[in-house]
1. Report the residue count in segment 146-194 for those that are closer than 25 Å to Val125 by Cβ, modelled with pLDDT of 90 or more and among the hydroxyl-bearing types (Ser, Thr, Tyr).
2. I'd like to check something: does segment 284-293 contain any residue that is free of Cβ contacts under 8 Å to residues at least 40 places away in the same chain, exposed (fewer than 13 other Cβ atoms within 10 Å of the Cβ) and farther than 20 Å from Gly210 by Cβ?
3. Can you confirm whether segment 266-279 contains a residue that is within 16 Å of Arg250 (Cβ to Cβ) and modelled with pLDDT under 90?
4. Between a first residue in segment 207-231 that is touching a residue at least 60 places away in the same chain (Cβ under 8 Å) and a second residue that is part of a loop (DSSP other than H, G, I, E, B) and surrounded by fewer than 18 Cβ atoms within 10 Å (Cβ to Cβ), which pairs have beta carbons less than 8 Å apart while being 6 or more apart in sequence or on different chains?
5. Could you check segment 172-212 and list, in sequence order, the residues that are hydrophobic (A, V, I, L, M, F, W, C) and closer than 22 Å to Arg347 by Cβ?
6. Among the numbered conditions (1) within 30 Å of Ala307 (Cα to Cα); (2) surrounded by fewer than 18 Cβ atoms within 10 Å (Cβ to Cβ), tell me where Phe147 comes up short.
7. Filter segment 93-115 down to the residues that are touching a Leu at 6+ places or on another chain (Cβ under 7 Å) and either among the hydroxyl-bearing types (Ser, Thr, Tyr) or closer than 30 Å to Thr182 by Cα (or both), then identify the one that is surrounded by the fewest Cβ atoms within 10 Å (Cβ to Cβ).
8. Conditions: (1) basic (Lys, Arg); (2) assigned to a helix (DSSP H, G or I); (3) under 30 Å from Gln314 (Cβ atoms). Arg200 meets all but one. Number of the miss?
Amino acid sequence: MTFYQELQLNQAGSKALIRHSGTKTEKLRHTAVYMFKVALTLGFCMAFVLFYSKIFGADNSITGVVVLLAVMVFRQADLGIHAKHGVPVMLFLFAVMAFGPHLANIAGPFPGFFIHAACIFLLMVLGCHNVIMSNHSTFVLGYLLLFGYDVSGKAYFLRVVGMAVGAVFTGIIYWRNHRKRTYKRTVLQVFKEFRLFSARSRWQLLITLGVSSSILLAQLLRLPRPMWVGIAAMSVLLPFQNDLSYRVRRRIPGNIMGGFLFVGLYIILPPSFIPFLGILGGIGVGFSATYIWQSAFNSLGAISIAAGLLGFPQAVFFRVLNNMLGAVYGFIFHQALNKTMNYFQNRIETGQQAA
């Protein structure tokens with residue numbers, strides 16, 4: 001395996017390569033490549049987000065995060081449609097992320113629910129036709145981050161501009177990397193292939209209604225940071241039952257571990273170091289091959305930001321509470337929606353047979 005090929009491996013792949021090294025020399029070399037990859041990725045991510053913050057304002061650093069996610073994902077992933085259709089669809093999906101979250105914040109909980117549902121449905125149907133690509137982790141997560149870190153006035157204008165620049169940049173990368181892939185499926189066919197009782201369409205509806213209703217629930221309960229509930233629900237609402245159960249069992253303890261880790265570091269470190277815990281969390285995620293540790297280290301950055309808004313220890317408490325609520329709600333919603341759809345599917349099939 002070449003140096004470049006090793007750089008393309010994910011955390012689990014790199015750790016497996018290190019673990020199965022034949023000699024100490026090989027193990028040291030693979031470990032060095034892995035460390036370099038993590039440092040390189042973290043450095044690039046920081047530079048990209050800082051660049052966006054410099055150009056579009058500190059309030060729009062989250063815009064840089066969303067664009068960065070799309071750039072890194074769509075170097076390799078695609079939308080499962082013809083490339084000539086993929087680029088304009090990508091531009092449209094960026095527009096949904098730019099305007100939908102802001103409109104939902106302005107509208108309030110109940111109108112916001114319908115805005116969330118409409119926007120997330122479009123993101124899921126147009127952007128997540130190929131279930132294996134897990135594109136919802138890019139589009140829906142980006143939507144929720146922009147919802148949670150909403151801005152107004154000049155900052156929002158700059159956010160729209162930043163998203164437009166990001167859409168063009170991502171579109172160029174998408175076209176460059178995927179233009180030679182052969183797909184006969186068009187945008188119109190994507191909508192035609194939406195069938196209410198198919199496994200894919202059922203999952204798309206599950207994410208759409210589950211995430212939208214989880215945010216509404218959090219808002220009605222007057223919980224701060226309702227986007228945390230939505231992200232937790234999205235994270236566990238996977239297409240396959242075993243994966244869903246796996247995520248629920250690990251996301252909750254992962255966030256509890258992250259909360260304890262933050263408390264310990266908050267007590268030990270001087271206050272000037274607290275804003276840098278997000279960087280530490282990013283490094284931890286880079287070295288984590290399992291979901292439970294990724295959840296734990298992801299909490300560091302989220303809590304460090306929320307601590308400036310909610311205070312300490314409220315930020316830790318609501319991070320854990322919101323994630324527990326989102327994960328449990330996602331699991332219950334999955335069971336309820338599946339049972340409901342199975343019931344109506346059986347009734348329809350029984351009626352057709354009788355006819």
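1. Total satisfying the criteria: 2.
2. No, segment 284-293 contains no residue that is free of Cβ contacts under 8 Å to residues at least 40 places away in the same chain, exposed (fewer than 13 other Cβ atoms within 10 Å of the Cβ) and farther than 20 Å from Gly210 by Cβ.
3. No; the residues of segment 266-279 include none that is within 16 Å of Arg250 (Cβ to Cβ) and modelled with pLDDT under 90.
4. Val229/Leu223
5. Keep residues of segment 172-212 that are hydrophobic (A, V, I, L, M, F, W, C), which gives 172-173, 175, 187-188, 190-191, 194, 196-197, 199, 203, 205-207, 209, 211.
Answer for segment 172-212, where residues must be hydrophobic (A, V, I, L, M, F, W, C) and closer than 22 Å to Arg347 by Cβ: Phe194, Leu196, Phe197, Ala199, Trp203, Leu205, Leu206, Leu209.
6. The single condition Phe147 does not satisfy is (2).
7. It comes out as Val96.
8. Among (1) basic (Lys, Arg); (2) assigned to a helix (DSSP H, G or I); (3) under 30 Å from Gln314 (Cβ atoms), Arg200 violates only (3).
The values are calculated or read from the model by the stated rules, or taken from the named source; none is laboratory data. Note that the structure is a prediction, hence the values are computed from the model and not measured. Counting neighbours? That spans all protein chains shown, and the Cβs are built from the backbone with ideal geometry, glycine included. Side chains are part of the model used for accessible areas, which takes the heavy atoms of the whole protein and leaves out ligands, DNA and RNA. Shrake-Rupley method; radii C 1.70, N 1.55, O 1.52, S 1.80 Å.
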